[in-house]
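Structure first, then comments.
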Amino acid sequence: MPAAEHTARQLEILVEAACHYGLVLELLSAIHEMQNGRELDAADARLVNSASIAALLARVERSKRGIDSE
């Protein structure tokens, strides 16, 4: 898949997830703030920390479910 198509698909998935889950929107907003050089407030810093831990847990769960096995 060409890079532009891959990026478009990623954006589509992230927007859809943010529409379904407010927490995803909050996380994307915190990332946007970081990308623009702004310091995160305490709540956003906790959210980013929780997301970091969730990423590890999700990788384990995806492995258990055979989602990423190729």
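The values are calculated or read from the model by the stated rules, or taken from the named source; none is laboratory data. Keep in mind the model is a prediction, meaning the values are calculated, not measured. In this analysis, Cβ positions are derived from the backbone assuming ideal geometry, glycine residues included, and neighbour counts consider all displayed protein chains.
Things worth noting here:
- Meets criteria (out of contact with any Leu (no Cβ under 7 Å at 6 or more places or on another chain), surrounded by 10 or more Cβ atoms within 10 Å (Cβ to Cβ) and not hydroxyl-bearing (Ser, Thr, Tyr)) for residue 12: yes
- The stretch 1-30 residues that are within 14 Å of residue 44 (Cα to Cα) and touching a residue at least 24 places away in the same chain (Cβ under 8 Å), paired with ones that are assigned to a helix (DSSP H, G or I) and not hydroxyl-bearing (Ser, Thr, Tyr) (beta carbon under 7 Å, 6 or more apart): 27/47; 27/51
- Residue check, residue 68 surrounded by 10 or more Cβ atoms within 10 Å (Cβ to Cβ) and either at negative phi or at pLDDT 95 or above (or both): no
- Scanning the stretch 2-37 for residues that are of a type in the set (Ser, Thr, Tyr) and over 18 Å from residue 52 (Cβ atoms) yields a single hit, 7.
- Residue match in the stretch 17-35 (condition: among the charged types (D, E, K, R), out of contact with any helix residue (DSSP H, G or I) (no Cβ under 7 Å at 6 or more places or on another chain) and at pLDDT 95 or above): no
- Yes/no for residue 29 being assigned to a helix (DSSP H, G or I) and small (Gly, Ala, Ser): yes
- Residue in the stretch 43-64 that is farther than 21 Å from residue 10 by Cα, out of contact with any helix residue (DSSP H, G or I) (no Cβ under 6 Å at 6 or more places or on another chain), free of Cβ contacts under 8 Å to residues at least 24 places away in the same chain and not in a helix (DSSP H, G or I) present: no
- Only listed residue being over 11 Å from the mean Cα position of the chain (by Cα) and assigned to a helix (DSSP H, G or I), chosen from 38, 9: 9
- Qualifying residue in the stretch 16-26 (condition: exposed (fewer than 11 other Cβ atoms within 10 Å of the Cβ) and hydrophobic (A, V, I, L, M, F, W, C)): yes
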